[in-house]
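Chemist: Below are the structure tokens for one structure; questions will follow.
The values are calculated or read from the model by the stated rules, or taken from the named source; none is laboratory data. Please read these numbers as outputs of a predicted model, since none were measured by experiment. For neighbour counting, all protein chains shown are included, and Cβ atoms are generated from backbone atoms with ideal geometry for every residue, glycine included.
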Amino acid sequence: FIQNSSLWMHKKIHVGIKSYKCFECGKCFTQSSSLRSHEKTHTGEKNEKCLECGKCFTLKSTLWLHQKRHAGERPYQCPECGIQFMHSSELKRHQMRHKE
């Protein structure tokens with residue numbers, strides 16, 4: 001890490017220090033940015049808009065996943081059979097079937 005503050009923020013994740021609390025539901029977070037993103041789930045605020053279809057999202061990460069659908073991206077490939085998936089969770093679920 002370039003800055004000590006960045007290292008400290010990273011360490012907080014591992015030791016479980018969650019200094020930022022949501023007043024609405026009590027959930028705690030290690031970073032203030034995570035709390036701000038979470039708070040949008042309570043307000044229903046949807047500022048992240050897909051330029052392709054106009055659909056709006058609360059989180060940038062959700063918009064990013066949505067945009068992958070438009071692009072047809074399937075970056076997660078099963079090493080056993082070659083089937084490709086959009087989400088890592090889909091690949092993991094699929095790989096369990098190979099073990100059955």
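Rundown of residues vs (1) surrounded by 12 or more Cβ atoms within 10 Å (Cβ to Cβ); (2) at pLDDT 85 or above; (3) in contact with a Ser or Thr (Cβ under 8 Å, 6 or more places away or on another chain), yes/no style:
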{"residue": "4", "(1), (2), (3)": "no, no, no"}
{"residue": "9", "(1), (2), (3)": "yes, no, yes"}
{"residue": "39", "(1), (2), (3)": "yes, yes, no"}
{"residue": "44", "(1), (2), (3)": "no, yes, yes"}
{"residue": "66", "(1), (2), (3)": "yes, yes, no"}
{"residue": "72", "(1), (2), (3)": "no, yes, no"}
{"residue": "83", "(1), (2), (3)": "yes, yes, no"}
{"residue": "89", "(1), (2), (3)": "no, yes, no"}
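Chemist: Taking the condition of being surrounded by 13 or more Cβ atoms within 10 Å (Cβ to Cβ) and in contact with a strand residue (DSSP E or B) (Cβ under 8 Å, 6 or more places away or on another chain), how many residues in the stretch 11-37 meet it?
Modeler: So the count comes out to 10.
Chemist: If you check every pair at least six apart or on different chains, which have Cβ atoms under 9 Å apart with a residue in the stretch 52-67 that is within 17 Å of residue 42 (Cβ to Cβ) first and a residue that is small (Gly, Ala, Ser) second?
Modeler: Listed by first residue and then by second, the contacts come to 58/37; 58/44; 59/37.
Chemist: Looking at the structure I just gave you, is residue 27 at pLDDT 90 or above and more than 18 Å from the chain's Cα centre (by Cα)?
Modeler: Criteria not met by residue 27.
Chemist: Moving on. Go through 43, 62 for me and flag whichever is β-branched (Val, Ile, Thr), on the phi < 0 side of the Ramachandran plot and within 18 Å of the chain's Cα centre (by Cα). If you could, list the steps in order and put the result at the bottom.
Modeler: Working: 43 fails: within 18 Å of the chain's Cα centre (by Cα).
Testing whether each residue is β-branched (Val, Ile, Thr), on the phi < 0 side of the Ramachandran plot and within 18 Å of the chain's Cα centre (by Cα) leaves just 62.
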